[in-house]
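Visitor: Dumping the structure here so I can ask a few things about it.
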Amino acid sequence: MYKNILRHPGPTPIPKKVQLAMNRDIFSHRSNDFVEFYRETIERVKPIFGTKQDILLLPSGGTAALEAAAVNTVSAGEDVVVVTVGAFGDYFVSICEKYGFHVHKLEKQWGQACTAEELQAFLQPLKNIKAVFVTYNETSTGVINPIAELAQVVRNETDAVLIVDGVSCIGGSLAKMDDWGVDIFVTGSQKAMMLPPGLSLVSVSDRAWKVIEENNAPSYYLNLLSYRSWAEKGMTPNTPAITLIYGLNEVCKLIEEEGGFAETVARHELMKNMVRSAMKALNIGLLTEDEHASPTITAIMAPEGIVLGDFLTHLKQKYHLDFAGGLGHLQGKIFRFGHMGYCFPSDILQAISLMEAALQDFSYEFEPGAGVLAAHKVFLAAHCK
């Protein structure tokens with residue numbers, strides 16, 4: 001059986017050390033051993049979020065954590081702003097509408113980021129905004145929003161809490177929750193965090209806790225006050241995803257071994273630049289501008305003259321290279337090249353080489369080796385500094 005070369009935006013490949021860590025014997029989540037291990041793990045995760053706050057661990061996908069952030073801070077009928085630049089920004093809209101919030105949607109064309117000036121202009125005429133929801137990294141378009149700048153605008157223009165979806169970038173992108181002024185930061189396990197699906201991570205600011213304490217959340221399983229209370233004991237309110245917490249601890253060790261989180265962020269930036277340079281050398285369009293390009297996923301236009309669905313199927317069947325297609329109205333128009341988590345420059349060179357082989361199969365006109373050479377030049381430039 002051939003290995004599947006998974007270059008998706010999630011789930012992503014899992015390091016062998018993490019797999020082995022998750023295979024250890026289960027122990028009780030109410031034991032002293034678990035309390036010690038839980039607290040050690042939380043301390044290791046904090047630098048990845050850029051926070052001194054505790055990290056709450058929910059046995060769920062990232063969407064449940066986004067819902068928890070919403071329902072714990074806002075009540076039905078209250079006004080919220082949702083910044084949406086793609087499919088996953090629209091998820092926030094759906095969650096908010098489901099709970100009866102009054103949603104003001106700042107919607108950008110897919111492929112564009114939201115600027116601080118646009119958010120400021122949108123917020124100024126609005127009153128009594130309870131929360132602002134923003135997606136840090138939009139998985140459907142490969143756009144990263146300037147969260148530090150947007151957070152400053154929210155602080156200047158409103159008393160709202162800022163809730164940020166970091167599901168597809170925390171672990172691979174710079175995150176400074178405390179310095180930026182993010183009130184709730186959320187991520188999931190199956191993307192840059194190098195774990196299987198099933199664990200979400202949430203960090204809450206002191207300011208947001210005051211809002212949550214005053215809000216009557218209609219939630220039991222997703223009640224963040226309950227998670228905070230149990231976290232103080234080194235536990236979770238319900239049975240946790242114990243094996244995933246084993247893996248999370250090992251992920252943090254791998255990041256430490258790489259030289260710390262700054263090195264992990266630099267690797268993701270390098271891989272982004274390698275992919276983008278390769279596509280330009282192959283005359284294949286990119287959905288986003290360089291300024292707001294995601295470090296964890298690149299949205300790539302269909303090569304001219306090629307039916308994208310046929311091309312992606314051919315790549316997977318012949319070369320075992322698995323990219324993700326487009327979502328929504330971009331289906332059939334773009335594909336998404338994931339370069340997050342357990343992914344390295346050598347993996348990028350491999351994927352580009354296989355892409356070139358498939359392009360030749362489809363009689364696409366290009367200089368063979370141009371993409372690999374362009375990516376390799378970026379790699380060499382980074383390592384010659």
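The values are calculated or read from the model by the stated rules, or taken from the named source; none is laboratory data. Note that the coordinates shown come from a computational prediction; the quantities given were computed from them, not determined experimentally. Cβ sites come from the backbone with ideal geometry, for glycine too, and all protein chains shown count toward neighbours. Side chains included, ligands, DNA and RNA excluded: accessible areas come from the protein's heavy atoms. Shrake-Rupley method; radii C 1.70, N 1.55, O 1.52, S 1.80 Å.
Visitor: Nearest 5 percent is fine: what portion of the DSSP beta bridges confined to the chain is antiparallel?
Guide: 50
Visitor: Size of the dipole of the chain about the Cα centre, Lys and Arg at +1 and Asp and Glu at -1 on the beta carbon, nothing else charged, in debye to 20?
Guide: That gives the chain a dipole magnitude of about 700 debye.
Visitor: With everything on Cα atoms, drop me the angle between helix 32-49 and the longest principal axis of the chain, reported from 0 to 90° to the nearest 10.
Guide: So the helix axis and the longest Cα principal axis differ by about 60 degrees.
Visitor: Give the carbon-plus-sulfur fraction of the accessible surface of segment 35-86 in %, rounded to a whole number; probe 1.4 Å, heavy atoms of protein chains only.
Guide: C and S fraction of accessible area: 47 percent.
Visitor: Given a 1.4 angstrom probe, I'd like the percentage of the accessible area of segment 170-324 that is carbon and sulfur, rounded to a whole number.
Guide: 48
Visitor: In degrees between 0 and 90, to the nearest 10, how far off the longest principal axis of the chain does helix 147-157 point, with axes built from Cα atoms?
Guide: Helix 147-157 and the main axis of the chain meet at about 40 degrees.
Visitor: When the accessible area of segment 101-145 is split by element with a 1.4 Å probe, what percent falls to carbon and sulfur?
Guide: 46
Visitor: Which lysines, on any chain, are close to residue 127 with Cα under 22 Å apart, when same-chain ones fewer than 8 places away are left out?
Guide: Partners found: 98, 105, 108, 210.
Visitor: Turning to a different aspect of this structure: Out of all DSSP beta bridges in segment 62-168, what portion is antiparallel? Express it as a percent rounded to 5.
Guide: Of the beta bridges lying entirely in segment 62-168, close to 10 percent run antiparallel.
Visitor: How big is the dipole moment of segment 52-118 about its Cα centre under a simple scheme where the beta carbon of each Lys and Arg is +1, that of each Asp and Glu is -1, and everything else is neutral? Debye, nearest 20, please.
Guide: That gives a dipole near 160 debye.
Visitor: Given +1 on the Cβ of Lys and Arg, -1 on the Cβ of Asp and Glu, and no further charges, what dipole in debye does segment 228-385 carry about its Cα centre, rounded to the nearest 20?
Guide: Here the size comes out at about 280 debye.
Visitor: Hand me the chymotrypsin sites (Phe, Trp or Tyr not before Pro) from segment 195-235 located in a DSSP loop with no more than 16 other Cβ atoms within 10 Å, in residue order please.
Guide: 220, 221
Visitor: Next question. Name the long-range amide H neighbours of residue 339: under 5 Å, sequence gap of 5 or more, or other chain; modelled H, no Pro or chain starts.
Guide: Close amide H contacts, sequence-distant or interchain: 297, 298.
Visitor: To continue, here is another question. Step through the residues of segment 176-189 one at a time and calculate ³J(HN,Hα) from phi using the Karplus curve (6.51 cos²θ - 1.76 cosθ + 1.60, θ = phi - 60°), rounding each to whole Hz and writing x for Gly and Pro.
Guide: Couplings: 10, 3, 5, 5, 6, x, 7, 8, 9, 10, 10, 8, x, 7 Hz.
Visitor: Output the 0 to 90 degree angle, nearest 10, between the alpha-carbon long axis of helix 261-281 and the longest principal axis computed from the alpha carbons of the chain.
Guide: 40
Visitor: So which chymotrypsin sites (Phe, Trp or Tyr not before Pro) in segment 102-156 are both in a DSSP loop and have at most 10 other Cβ atoms within 10 Å of their Cβ?
Guide: none
Visitor: Taking only protein heavy atoms and a 1.4 Å probe, what accessible area per residue, in Å², does the chain have with all protein chains in place?
Guide: Dividing the accessible area of the chain by its residue count gives 42 Å².
Visitor: List every residue whose amide H lies under 5 Å from the amide H of residue 131, counting only residues 5 or more places away in sequence or on a different chain, with H placed 1.01 Å from N in the peptide plane.
Guide: Close amide H contacts, sequence-distant or interchain: 81, 161.
Visitor: May I ask which of 46/272; 16/253; 3/318 have a Cα-Cα span longer than 18 Å here?
Guide: Where the Cα-Cα span goes over 18 Å, the pairs concerned are 46/272.
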